[in-house]
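Below is one structure, written out as structure tokens, with a few remarks after it.
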Amino acid sequence: MFDLTGKVAIVTGGSRGIGRATAITLASRGARVLVGFVSGEEAAKEVASVIETAGGHAEPARFDVADGEGAARAVGEHAKRLGQLDILVANAGISIDALLPRLKTEDFDRILDVNLKGAVACAKGAIRSMMRAKRGRIIFVSSVVGEMGNAGQTAYAASKGGLLAAAKSLAREYASRNVTVNAVTPGFVETDMTGALTAEQKEAMLGVVPLARAGTPEDIAAGIAFLASDEAGYITGQTLRINGGMYM
Ligand code: NAP
């Protein structure tokens, strides 16, 4: 079940957090994984080396998802070089929080460039190879905030909600080519991204999680690996909520 032997995967933002766990999980199921990063070269190399030491196959792959056309080209070139691209996990993301009066236009633009336009650009880079192969899995890493909103995160929530709409549109566009496009919406997960929250903020978050714990990157990776598998072949345009019950 959920075997990924012989598949090639790109995980953007694979150097840290949820992406790191996803790269390791996909590789443990047999996929060759490109570990995407933009600045964390050492971290990406470490992830690749963890995978190789465990007997898997991985390599770091540097490209800035915010460079739309450049990112699409990079993904397309990797697919061409490796002869296939079966799985794209568009996970790279950033958050810059601010209440509306303090929300800077450049920060809003930056969030959309990385989280929304970056993910769609990577999908654009992947789609040609997937269409030709008549198979593929695209998984967008959105957020519970994209579904329920959050004060102080208007820009971030808009980027993540946009991803859900993009996934549904692409799911319709490429279903005839046997390419599925889905999203996961993690709840509160302990990573560098949430590391800046105060103890008080974390406690407040956990207070609304019925399972009463933070998610781990591995919790999210498990859902992504399922959506990437052959067994998930009849699931497209869907959102898999992995949030401990925070939003139902
Ligand atoms: P993280 O630990 O901060 O890691 C972010 C990753 O994204 C890093 O690997 C980083 O690469 C990469 N990245 C950032 N900007 C990039 C760019 N312009 N081009 C390419 N790569 C870029 O974040 P995380 O918490 O694991 O989050 C991963 C995804 O899950 C994000 O999309 C986030 O919005 C989403 N999410 C997280 C949570 C949570 O509670 N943590 C909840 C819901 C959704 P470098 O190492 O090179 O900087």
Whenever you get a sec, compute what percent of the accessible area on segment 197-248 sits on carbon and sulfur atoms (1.4 Å probe). 59
Name the trypsin sites (Lys or Arg not before Pro) in segment 23-109 that are in a loop by DSSP and that have at most 15 other C-beta atoms within 10 Å, would you? Lys104
Please determine, in degrees from 0 to 90 and to the nearest 10, the orientation of helix 217-228 with respect to the longest principal axis defined by the Cα atoms of the chain, where the helix direction is its Cα long axis. 40
What are the ³J(HN,Hα) couplings of segment 60-76, residue after residue, when phi is run through the Karplus curve with 6.51, -1.76, 1.60 and θ = phi - 60°? Round to Hz, x for glycine and proline. x, 9, 8, 7, 8, 5, 6, 8, x, 5, x, 5, 4, 5, 4, 4, x
So what's the projected area for segment 190-238, the Cα convex hull averaged over all directions, in nm²? 4.6
Projected onto the charge dipole of segment 29-154 (unit charges on the beta-carbon of Lys, Arg, Asp and Glu, signs +1, +1, -1, -1), the Cα from Met130, Val47, Ser95 with the largest positive-side position is that of Met130
To the nearest 10 degrees, how steep is helix 154-174 against the longest Cα principal axis of the chain, on a 0 to 90 scale? 30
Karplus 3J(HN,Hα) series, Hz, for segment 192-207 with 6.51 cos²θ - 1.76 cosθ + 1.60 (x for Gly, Pro): 4, 4, 9, x, 7, 5, 6, 4, 5, 4, 5, 4, 4, 4, 5, x
Segment 147-241: chymotrypsin sites (Phe, Trp or Tyr not before Pro) falling in loop per DSSP and having at most 14 other Cβ within 10 Å: Tyr234
Please report how many Lys pairs in segment 66-138 have alpha carbons closer than 21 angstrom, counting only residues at least 8 apart along the chain or sitting on separate chains. 4
Could you calculate, for the chain, the ratio of the Cα radius of gyration to the Kirkwood radius, expressed as Rg to Rh? 0.95
Tilt of helix 17-28 relative to the longest C-alpha principal axis of the chain, in degrees (0 to 90, nearest 10)? 30
1.4 Å probe accessible area per residue over segment 77-202, in Å²: 48
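Give, to the nearest whole percent, the P(r) tail of segment 104-248 beyond 29 angstrom, counting all Cα pairs. Let's see the in-between values first.
Values: 1959 of 10440 pairs.
That tail contains 19 percent of the Cα-Cα pairs.
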Can you compute the charge dipole magnitude of segment 26-93 about its Cα centre, using +1 on each Lys and Arg Cβ and -1 on each Asp and Glu Cβ, nothing else charged? Give it in debye, rounded to the nearest 20. 260
If every Lys and Arg gets +1 and every Asp and Glu gets -1 at its Cβ, then about the Cα centre segment 36-185 yields a dipole, in debye to the nearest 20, of 820
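Carbon-plus-sulfur fraction of the accessible area of segment 1-160, 1.4 Å probe, in percent? Let's see the in-between values first.
Values: 3720 of 7230 Å².
Solvent-exposed carbon and sulfur of segment 1-160 make up 51 percent of the total.
The values are calculated or read from the model by the stated rules, or taken from the named source; none is laboratory data. These figures come from a predicted structure and were not determined experimentally. Methodologically, a virtual Cβ is constructed for each residue, glycine included, from the backbone with ideal geometry; neighbour enumeration extends over all protein chains shown. Please note that ligands, DNA and RNA were not included when accessible areas were found on the heavy atoms of the full protein model with its side chains. Shrake-Rupley method; radii C 1.70, N 1.55, O 1.52, S 1.80 Å.
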